[in-house]
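The values are calculated or read from the model by the stated rules, or taken from the named source; none is laboratory data. Remember, it's a predicted structure, so these values are computed and weren't measured experimentally. As a convention, Cβ positions derive from the backbone with ideal geometry for all residues, glycine included, and neighbour counts pool all protein chains shown.
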Amino acid sequence: MYRRFRGRSLAALLVACTAGASAAAAGPALGVYAATESAAIDTTAATPDDAAADDARTDNTAAGDAAGNSTATADPEQEVTLRICNWEEYIDEGDWGEDEVIDLPEGDIFGENSLIEDFETWYEETYGVKVNVEYSTFGTNEDLYNMLTLGDTYDLVCPSEYMFMKLISEGEVVPLSDHFFDKSDEYNYYVKGVSPYLENIFESHTIDGEPWSRYAAGYMWGVTGIVYNPELMTREEASTWAVLTNPDFNKRVTIKDSVRECYFAAIGALEHDKLTSDAFLQDAAYKEKLEEVFNDTSPEMIARVQDWLQQMKDNVYSFEVDSGKSDMVTGKVAANYQWSGDAVYTMDQADEDDFRLDFAISEEGANIYFDGWVMLKRGINGDAAKQQAAEAFLNFISRPDNAIRNMYYIGYTSFISGGEDPRILDYLDWNYGAEEDEEDTVDYDVAYFFTGDETGSDPDYVLRAPAEQTMRQLGAQYPSTEDIRRTSIMQYFTPEENTAINNMWVNVRCYNIMHLPWWGWCLVAAGVAGVIWLIAGRIRYVRRHRED
């Protein structure tokens, strides 16, 4: 077994994290909060009214239909500019070393050039039209939204599921054309290779009555969990969201500086008994009810979450954006709340230092997250040639060899299972398959990802893997059937919910009455007494003048 993926070096990561830690250490809590991805307060500022959004969606649907068969009418004299905005370091940039060839039975895979360059070449060779890609990046979903609000124009963007849900609901997204879903087109790699399991999620979840799949093409996916040091923490301790408030690990655990991630973890901990009860787990509507629990935004739940998060704040080492990975590798903390893709990166870095870290998915439930591509109305603007190029890009990066290049380079898990193309499964075996002479191995079932069946098993999709990998990189990238059943989507917040939850988050990050010293309480009491005295005096004054 040979495994490695490309990404930032640990040295570069430490530099970035040191800068982040310096910023976090300076100034009041409010300044730290305002600089993080959790500061989503402004994201509702440009929300159109429902009627305008409905009109925009109608216009977008017409534009998408008009571009449906644009491949047949491409003008060879035309030159297309495609503006793409993606997460930082979230696509294969090429320049692989000679020792980085991925040797699969179907042939070798190697990233000499960036996928952007390769797409430009492939598109001109395939369609006879020159395309120039203007590629830029963003740091957080909120950064992207604010960039769009301020007038930046892109044709394709790749936000997380809650943000593309928001953009769709606001009428900012052009639907994918009918031709994009035509499996008879040899170049429609996405529809022929998307994981049936993930495709079902995108088709069964809707915005204003339309499935996500009408607007969004999945790119990467994963789950949230806990990266932990097995020498300092047991797997049982790491497999619950209560680890974040466990006093045995006071100041030894870090949490994401993200209101959504913290809100999800808090609900998991607060509803532990319910979520782990036999009656709940065996309910025929378990998945639907699980999603209801983790998307409870009632005033009562928000208040409970605030109380729990204030307790958690006292226990964790820090709220972090990117430093959690290096803190785990250097041994500064015992556990870190992490996205599975970053968890894989963290464990890989530790392996290079002969330092083992594991990954656990909480028994109460975990968040399953997605990053997906959507075409923006302001960018596409009814241009059939531009939409054709945008959809061709989605197909190009969904071709199994290119999906593998991306997974190798960035460490996250692609939406693509490959369909009839065996290379994704071969790559899984290339990464995690056990050596013939290994003794401590298990049969690891990943059929759900390749077939869409969460309950059955298919011997064609059972991987013989080292037993330890079920608790490490393999279990993070492709959770077990048991773990994947306990995952839930977190919906986007409505403007009203967003306001209430952000107010709660400000209270957690910036104020905590439990930290008020005795003299602070005395000042508060004196202030209240003073206000009462002034009011009483004013009342007496008014009464005397009325009597006079």
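Brief remarks follow.
- Test for Lys386: is it under 30 Å from Glu134 (Cβ atoms), over 22 Å from the mean Cα position of the chain (by Cα) and among the basic types (Lys, Arg): yes
- Scanning segment 319-353 for residues that are under 21 Å from Ser480 (Cα atoms) and assigned to a helix (DSSP H, G or I) returns Ser340, Gly341, Asp342, Ala343, Val344, Tyr345, Thr346, Met347, Asp348.
- Looking across Ile513, Ile539, Ile501, Ile489, one residue alone is closer than 30 Å to Asp314 by Cα, at pLDDT below 90 and not hydroxyl-bearing (Ser, Thr, Tyr). It is Ile513.
- Of the listed requirements (1) free of Cβ contacts under 8 Å to residues at least 40 places away in the same chain; (2) of a type outside the set (A, V, I, L, M, F, W, C); (3) in a loop (DSSP other than H, G, I, E, B); (4) surrounded by 23 or more Cβ atoms within 10 Å (Cβ to Cβ), Tyr444 misses just one: (3).
- Helices (runs of 4 or more DSSP H) contained in segment 354-429 and holding at least 2 residues among the hydrophobic types (A, V, I, L, M, F, W, C) and surrounded by fewer than 24 Cβ atoms within 10 Å (Cβ to Cβ): 384-398
- Pick from segment 155-196, criterion in contact with a Ser or Thr (Cβ under 7 Å, 6 or more places away or on another chain) and aromatic (Phe, Trp, Tyr), ranking: surrounded by the fewest Cβ atoms within 10 Å (Cβ to Cβ): Tyr187
- Boolean, Tyr408 is outside the structural domain of Glu186 (by TED's automatic domain parsing) and closer than 22 Å to Tyr219 by Cβ: no
- Of all residues making up segment 353-365, the number that are more than 16 Å from Leu474 (Cβ to Cβ), touching a residue at least 40 places away in the same chain (Cβ under 8 Å) and out of contact with any His (no Cβ under 7 Å at 6 or more places or on another chain): 3
- Any pair with Cβ under 9 angstrom, 6 or more apart, that starts in segment 462-475 at a residue that is more than 15 Å from Glu435 (Cβ to Cβ) and ends at one that is β-branched (Val, Ile, Thr) and at pLDDT 95 or above: Val462/Val446; Thr470/Val442; Arg472/Val344; Gln473/Val344; Gly475/Ile361
- Among the residues of segment 77-130, those identified as within 20 Å of Tyr154 (Cα to Cα) and part of a helix (DSSP H, G or I) are Leu115, Ile116, Glu117, Phe119, Glu120, Tyr123.
- Among the residues of segment 85-114, those that are within 24 Å of the chain's Cα centre (by Cα) and either under 24 Å from Tyr432 (Cβ atoms) or not assigned by TED's automatic domain parsing to the domain that holds Asn402 (or both) comprise Glu89, Tyr90, Ile91, Asp92.
- Scanning segment 217-265 for residues that are within 30 Å of Thr499 (Cα to Cα), modelled with pLDDT of 95 or more and of a type in the set (Gly, Ala, Ser) turns up Ala217, Gly218, Gly222, Gly225, Ala242, Ala265.
- Some residue of segment 199-213 being in a helix (DSSP H, G or I) and in contact with a Leu (Cβ under 7 Å, 6 or more places away or on another chain): no
- Against the test of being over 25 Å from Met220 (Cα atoms), surrounded by 22 or more Cβ atoms within 10 Å (Cβ to Cβ) and touching a residue at least 24 places away in the same chain (Cβ under 8 Å), the options Val329, Val333 yield a single qualifying residue, Val333.
- Residue match in segment 348-364 (condition: β-branched (Val, Ile, Thr) and under 30 Å from Thr149 (Cα atoms)): no
- Looking across Glu210, Glu236, Glu199, Glu203, one residue alone is in the same structural domain as Glu291 (by TED's automatic domain parsing) and acidic (Asp, Glu). It is Glu236.
- Qualifying residue in segment 141-161 (condition: closer than 30 Å to Leu425 by Cα, under 18 Å from the mean Cα position of the chain (by Cα) and part of a helix (DSSP H, G or I)): yes
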